[in-house]
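The values are calculated or read from the model by the stated rules, or taken from the named source; none is laboratory data. All values reported here derive from a predicted model rather than from experimental measurement. Using ideal geometry, Cβ is built from the backbone for each residue, glycine included, and neighbour counts are taken over all protein chains shown. Accessible surface areas use protein heavy atoms only, side chains included; no ligands, DNA or RNA. Shrake-Rupley method; radii C 1.70, N 1.55, O 1.52, S 1.80 Å.
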Amino acid sequence: MAKTERLDKVLSNMGYGSRKDVKKSIKNGLVKVNGNIVKNNEFKVNPYEDDIIIGGSKVNYREFIYLMMNKPQGLVSSTDDPLTETVIDLLDNRYLAFKPFPVGRLDKDTEGLLLISNDGKLAHELLSPKKGVNKKYYVEVDGTVENEHIFMFNEGLVLNDNYKTLPAKLEIIESNVFSKVYLTIQEGKYHQVKRMFESLSMKVIYLKRVSMGQLLLDDTLSPGEYRELTEEEVLLLRDS
Ligand code: URA
């Protein structure tokens with residue numbers, strides 16, 4: 001059976017304003033359902049099937065949203081923070097209505113791929129240690145990363161709390177006094193990448209996540225920009 005909801009509820013849940021605001025829009029004849037103006041805010045609609053238009057724009061109803069952000073430095077990856085701006089503060093109101101949250105954390109000074117969604121089940125699966133979803137980082141390091149380190153990362157490193165990391169894949173891009181590498185890890189321990197290099201007496205000076213599972217950061221997004229995932233990207237994430 002079709003799932004029906006009150007028109008005013010659907011519109012306010014979708015971020016078109018408070019219940020009061022949307023009731024006003026409905027009363028003023030700004031809302032059409034299947035081509036007809038509807039002035040009754042209790043009118044029942046099936047938001048998945050009915051064609052709902054408000055103020056000329058089509059309501060794209062869905063339960064979940066999936067956003068890819070290129071997280072900028074200086075923001076924290078949480079939903080609210082008393083002191084610092086959060087990644088959620090960057091989002092447009094029409095997304096806030098879905099109550100999205102960051103899926104996993106990047107440090108305040110880390111850039112790159114951050115998934116923001118309200119799909120708790122997918123978030124749980126992506127973050128589950130059992131699943132070991134790969135996270136790939138571009139890392140700039142104060143220190144000379146050499147071929148012998150590839151083996152050490154692959155063997156696992158002992159961090160400052162005595163935790164031994166799972167095998168990680170190191171790819172050297174440039175080896176010098178300062179080095180550039182890619183590092184792929186399956187875990188997400190606190191400050192993990194920084195602490196892995198610290199265990200080798202090297203300091204991470206720039207960190208950017210470039211992929212999570214099969215989802216790659218869209219390199220046309222500047223830090224602070226975000227976009228919705230395509231359907232294909234959502235499927236890729238589910239398969240990760
Ligand atoms: N590892 C870190 O040290 N910091 C991050 O933000 C992510 C992984």
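Name the long-range amide H neighbours of Lys71: under 5 Å, sequence gap of 5 or more, or other chain; modelled H, no Pro or chain starts.
Those qualifying (amide H under 5 Å, at least 5 residues apart or on another chain) are Gly112, Leu113, Leu114, Gly224.
In this model, which of Lys20/Lys71; Lys58/Lys131; Lys99/Lys130; Lys23/Lys108; Lys131/Lys208 are farther than 30 Å apart at the alpha-carbon?
Lys20/Lys71; Lys58/Lys131; Lys23/Lys108
Could you please state how large a percent of the accessible area of the range 1-148 is carbon and sulfur, counting protein chains only and using a 1.4 Å probe?
Percent of accessible area from carbon and sulfur atoms in the range 1-148: 47.
Could you tell me the distance between the Cα centroids of the range 1-53 and the range 149-184, to the nearest Å?
54
Could you give the distance between the Cα centres of the range 129-145 and the range 185-240, to the whole Å?
Here the answer is 8 Å between Cα centres.
If you add up the charges near Ser57, with Lys and Arg at +1 and Asp and Glu at -1, over every other residue whose beta carbon is less than 14 angstrom from its beta carbon, what do you get?
Computed value for this residue: +1.
Sort 76-83, 90-97 for me by packing, meaning the mean count of neighbouring Cβ atoms within 10 Å per residue, highest on top.
90-97, 76-83
Given 5 Å bins starting at zero, what is the percent of C-alpha pairs of the range 5-58 in each, up to the one with the largest pair distance?
Reading upward from the zero bin: 4, 25, 39, 28, 4.
So what is the orientation-averaged projected area of the chain, using the convex hull of its C-alpha atoms, in nm²?
15.8
Report the FRET efficiency, 1/(1 + (r/R0)^6), for Gln73 and Glu198, where r is their Cβ-Cβ distance and R0 is 22 Å, rounded to 0.05.
FRET efficiency, Gln73 to Glu198: 0.65.
Okay, helix-only estimate at 222 nm for the chain: each DSSP H run of n ≥ 4 adds -39500 (n - 2.57), divide by all residues, round to 500 deg cm²/dmol; what do you get?
After summing the helix terms and dividing by the residues of the chain, the value is -5500 deg cm²/dmol.
With a point put 7 Å past each Cα toward its Cβ, work out how far Asn28 is from Asn46 in nm, to one decimal.
3.1
Using +1 at the C-beta of Lys and Arg and -1 at the C-beta of Asp and Glu, which of Leu115, His191, Leu126 has the Cα lying farthest in the positive direction of the dipole of the range 72-212?
In the range 72-212, that residue is Leu126.
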